[in-house]
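As structure tokens, the structure follows; a few thoughts come after it.
The values are calculated or read from the model by the stated rules, or taken from the named source; none is laboratory data. The model shown is predicted, which means the values in this text are computed figures rather than measured ones. In this analysis, Cβ positions are derived from the backbone assuming ideal geometry, glycine residues included, and neighbour counts consider all displayed protein chains. Side chains included, ligands, DNA and RNA excluded: accessible areas come from the protein's heavy atoms. Shrake-Rupley method; radii C 1.70, N 1.55, O 1.52, S 1.80 Å.
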Amino acid sequence: VLGSLATASGNFAFPDFTSLDGLSVQGVANRTQSRLRLTPAVPNLVASVWHDVKQSVVGGFRTDFSMRVVPDEGQETPGPCKWVDHLPKSCARRGGDGLAFVIQNFDAKALGM
């Protein structure tokens, strides 16, 4: 995930995540090399990452970000599934349960909005 935001009150950018300074990280979110990882490919985990400083969005804002959704290393190997969504002969490995881009004004430690 790469992110930047421009608002009336300020600008910030995270060209990579070699540092998590300025971010509040909750749940299982973590930094892996220069990437921000919200959750591993395991069902029923939660994570959130917020900017430490509230930003005004009155009048709108602009954001640009990119993200990758990829399986964990070794998850592409053949064999029985750890989590089965269908019959065993047509089982599908599953990762995350969903993703949301959230704008909230509650708390920098909010998790599971």
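Remark: pairs (first residue in segment 95-109, more than 25 Å from residue 57 (Cα to Cα) and part of a loop (DSSP other than H, G, I, E, B); second residue open to solvent by less than 90 Å² (accessible area, probe 1.4 Å) and at pLDDT 80 or above; Cβ separation under 7 Å; 6+ apart in sequence or on different chains) = 96/39.
The set of residues from segment 31-51 being surrounded by fewer than 11 Cβ atoms within 10 Å (Cβ to Cβ) and touching a residue at least 40 places away in the same chain (Cβ under 8 Å) comprises just one member, 44. Scanning segment 11-52 for residues that are in a loop (DSSP other than H, G, I, E, B), aliphatic (A, V, I, L, M) and within 18 Å of residue 102 (Cα to Cα) returns 28, 29, 38, 45, 46. Which residue is nearest to the chain's Cα centre (by Cα), if the candidates are limited to segment 53-69 and must be in a strand (DSSP E or B) and among the polar types (S, T, N, Q)? If we take residues in segment 53-69 being in a strand (DSSP E or B) and among the polar types (S, T, N, Q), then 66 is nearest to the chain's Cα centre (by Cα).
The residues of segment 28-48 that are more than 21 Å from residue 66 (Cβ to Cβ) and either of a type in the set (Gly, Ala, Ser) or more than 12 Å from the chain's Cα centre (by Cα) (or both), listed by number, are 42, 43, 44.
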